[in-house]
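**Q** Below you will find the structure I want to go over with you.
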Amino acid sequence: MVKPLPRLRLQGFNNLTKALSFNIYDVCYARTEEERQRYIEYIDEEYNADRLTQILTDVAEIIGANILNIARQDYDPQGASVTILISEEPVIDKKAAGKELISDAVVAHMDKSHITVHTYPETHPQEGIATFRADIDVATCGVISPLKALNYLIESFDSDIVVMDYRVRGFTRDVKGKKHFIDHKINSIQNFLAKNIKSRYEMFDVNVYQENIFHTKMHLKDFDLDQYLFEEKAKNISFKERMKIEALLKREIEELFHGRNLDE
């Protein structure tokens, strides 16, 4: 729950821009080249433009935004992207109201408030590792908070590793002329995570409070090999092979979590 500061009387409307960015990773092991190709095809269908559009439409509803426009695209050979322009003001029917009566707030928000997602499936050419990354941005201008959609977005994907950034920019001025550079309390993105999510993930923070920059990254605590195997069961693999696969997967997870190659 986003806890606002005591209500302020503002001059004009709230000019603060709030941006929440995700990098969500799903990691998988596919033993053969054919299995890796089928994994890519599965992911490409599971998170196609239609599915992503539904997820982002739900996000708009959760944060209380009105949808102005939707653009979506599936890519060849794989991947998809969706962009939704949103506003905190009701959408006005141009035909009914007349162009000159369209709210200035709607126009003002179109270049600032948006929700986007881009997907990136890929595979390692030799080692059997396959990954899927979804990059999500929720940017709002005004009183709408993207943090309200935090838990829903994490649960909407197979989130083995999640990297999140939240920042507040600009200022809003009250009727006395004082500038306010943030309008809610926060000392970590973790404040807004549900308990059941917190219990499943190891989390690490890097925050720059004076700049209103908040960074949290997390990965699943428990490792169950069956959850990472594509079209295979751990019981059907030799002990030696299981140990090799586990080592590869854990290394991949650590490298994605830390954002660097561990052999460098």
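Just so it is clear, none of the values below were taken in a lab; they were calculated from the coordinates. Note that the coordinates shown come from a computational prediction; the quantities given were computed from them, not determined experimentally. Glycine also receives a Cβ, built like all others from the backbone with ideal geometry; neighbour counts cover every protein chain displayed.
**Q** Hey, can you grab everything whose amide H is under 5 Å from the amide H of residue 229? Only 5+ residues off in sequence or another chain; H modelled, so Pro and N-termini drop out.
**A** 29
**Q** For helix 33-46, report the angle its Cα long axis makes with the longest principal axis of the Cα atoms of the chain; keep it between 0 and 90° and round to the nearest 10°.
**A** The helix 33-46 is inclined about 20 degrees to the chain.
**Q** Longer than 32 Å from Cα to Cα, which of 179/221; 195/250; 148/235; 148/178 are they? Say none if no pair is.
**A** Violating the 32 Å limit, Cα to Cα: 179/221; 148/235.
**Q** Once you sort the root eigenvalues of the Cα gyration tensor of region 157-264 as a ≥ b ≥ c, which label holds: rounded (a/c under 1.5), prolate (a/b larger than b/c) or oblate (the other case)?
**A** Prolate is the answer for region 157-264, as a/c is 1.5 or above and a/b outweighs b/c.
**Q** Label residue 236 and residue 51 with points 7 Å out from Cα along Cα→Cβ: what is the distance between them in nm?
**A** In this crude spin-label approximation the distance works out to 2.2 nm.
**Q** Per the helix-only calculation at 222 nm, which mean residue ellipticity applies to the chain, given -39500 (n - 2.57) for every DSSP H run of n ≥ 4 and division by its residues, nearest 500 deg cm²/dmol?
**A** -8000 deg cm²/dmol
**Q** Next question. Considering the options 206, 153, 229, tell which one lies farthest towards the positive end of the dipole of region 17-258, charges being +1 on Lys and Arg and -1 on Asp and Glu at the Cβ, about the Cα centre.
**A** 206
**Q** OK, next. Using packing as a proxy for protection, rank 180-189, 18-27, 214-223 so that the peptide with the highest average count of other Cβ atoms within 10 Å comes first.
**A** Going by the mean number of other Cβ atoms within 10 Å, highest first, we get 18-27, 214-223, 180-189.
**Q** What does the highest-first list of 126-139, 70-83 look like by mean Cβ count within 10 Å?
**A** 126-139, 70-83
**Q** What number, in percent, do you get for the relative contact order of the chain if the mean sequence gap of Cα pairs under 8 Å and at least 6 apart is divided by its residue count?
**A** The value is 27 percent.
**Q** For percent of Cα pairs over 35 Å apart, pick the label among [x] 26; [y] 32; [z] 36 that corresponds to the value derived from the coordinates.
**A** Read-out taken from this structure: [x].
**Q** Sticking with this one: About the Cα centre of the chain, what is the dipole size in debye to 20, counting +1 per Lys and Arg Cβ and -1 per Asp and Glu Cβ, all else neutral?
**A** 1740
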